[in-house]
Structure formats: C-alpha cells, structure tokens
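Notes for the one structure printed next.
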Amino acid sequence: MLVTRRNQDFMPALFNELMNWNDTTYSTPRMNIVENKDNYRLEFCIPGLTKEDVKMSIDAEGNLVVEMTKESKEDNKKDERYLRHEFSVEHFRQTVMLPEDIHKENIKAKVENGILEVIIPKVTTEEKRQAIQTIEIG
C-alpha cells in the first residue's frame with residue numbers, strides 16, 4: 001500500500017494569503033492510486049501544467065517526491081496595465097512512501113492531457129526468490 005504525505009506549509013501559506021504579502025498559491029492536485037498485479041499507478045490531475053513544470057525524485061528515505069511549480073506569464077507591455085491580476089505562482093509538493101516490493105530504478109512518468117501518470121513496477125515473485133541470499137559458513 002502506498003501512503004502519501006502532503007507538504008503544503010499550511011500556516012505560512014494561509015498567513016501570506018491573508019496578509020497578501022506574496023502571490024504564491026499552494027495547490028493540491030487530486031490524486032488516484034491504482035494497483036494491479038504488475039505495478040502501482042499514480043495519477044495526478046494537473047491541468048495547464050507541462051512536464052517541464054514537474055520534478056520527481058527519490059529522497060534519502062526512499063520516498064517518491066513529486067514537486068510542481070507553475071509561474072504565471074506577465075506580459076508587461078508599455079501601453080497597458082493589469083486592472084485585475086489573479087494568475088499567480090502555484091507550488092505543490094507531495095511525498096509518497098513507497099512499498100518495499102517495487103523497482104525504484106524502473107519508475108516511469110508522463111504528462112498527457114492534464115494528467116501526470118507515474119508507473120511504479122512491482123518486484124515479481126521470481127525476483128523476490130532470487131533476492132534471497134544464502135550465506136555460506138566457512
């Protein structure tokens with residue numbers, strides 16, 4: 001089973017939003033987790049984001065870290081000014097604790113139609129048996 005931990009820095013974001021000190025928004029995309037006999041599949045709903053906006057890594061504890069940042073485009077033309085500007089920087093970070101029965105080196109991801117899909121392959125029963133090591137006593 002995959003366990004997720006949302007790192008949204010809730011209080012600082014709430015404080016900054018109330019005081020209107022910065023234009024960073026901490027969003028939380030919806031996520032699906034699907035399991036079958038061969039793999040786990042994570043699906044993040046990220047409309048408007050591209051693969052360049054997403055960074056993924058495995059941290060020191062072996063967790064999958066998914067980070068997304070999208071900055072709004074401000075075309076400041078000399079003859080115009082914003083009367084209302086609601087686009088802002090969006091930031092998201094989520095940590096997914098990975099189970100032991102996976103191939104961390106074979107994780108694949110793609111972004112298509114506003115969905116980030118992450119495929120995490122499982123270790124097969126045969127691979128588990130091969131991983132068992134016998135220690136010879138000399």
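The values are calculated or read from the model by the stated rules, or taken from the named source; none is laboratory data. All values reported here derive from a predicted model rather than from experimental measurement. No Cβ is skipped: glycine too gets one built from the backbone with ideal geometry, and neighbour counts run over all protein chains shown.
Output the residue which, of all residues in the stretch 10-62 that are hydroxyl-bearing (Ser, Thr, Tyr) and within 19 Å of His91 (Cα to Cα), is modelled with the lowest pLDDT. It would help to see each step written out before you state the result.
Just the residues of the stretch 10-62 that are hydroxyl-bearing (Ser, Thr, Tyr), to begin with: 24-28, 40, 50, 57.
Narrowing the set further to residues that are within 19 Å of His91 (Cα to Cα) leaves 24-28, 50, 57.
Numbers: Thr24: 51, Thr25: 55, Tyr26: 57, Ser27: 63, Thr28: 74, Thr50: 89, Ser57: 95.
Result: Thr24.
Applying a threshold of 6 Å to beta carbon distances and a minimum spacing of six or more residues, or different chains, the list of pairs starting in the stretch 26-46 at a residue that is exposed (fewer than 13 other Cβ atoms within 10 Å of the Cβ) and ending at one that is at pLDDT 90 or above and among the hydrophobic types (A, V, I, L, M, F, W, C) reads Arg30/Cys45. Of the strands (runs of 3 or more DSSP E) contained entirely in the stretch 81-135, those carrying at least 3 residues that are in contact with a strand residue (DSSP E or B) (Cβ under 6 Å, 6 or more places away or on another chain) and surrounded by 13 or more Cβ atoms within 10 Å (Cβ to Cβ) fall at 89-97, 115-121. Ile135 meets each of the listed conditions (1) free of Cβ contacts under 8 Å to residues at least 24 places away in the same chain; (2) touching a Leu at 6+ places or on another chain (Cβ under 8 Å); (3) over 16 Å from Pro29 (Cα atoms) apart from (2).
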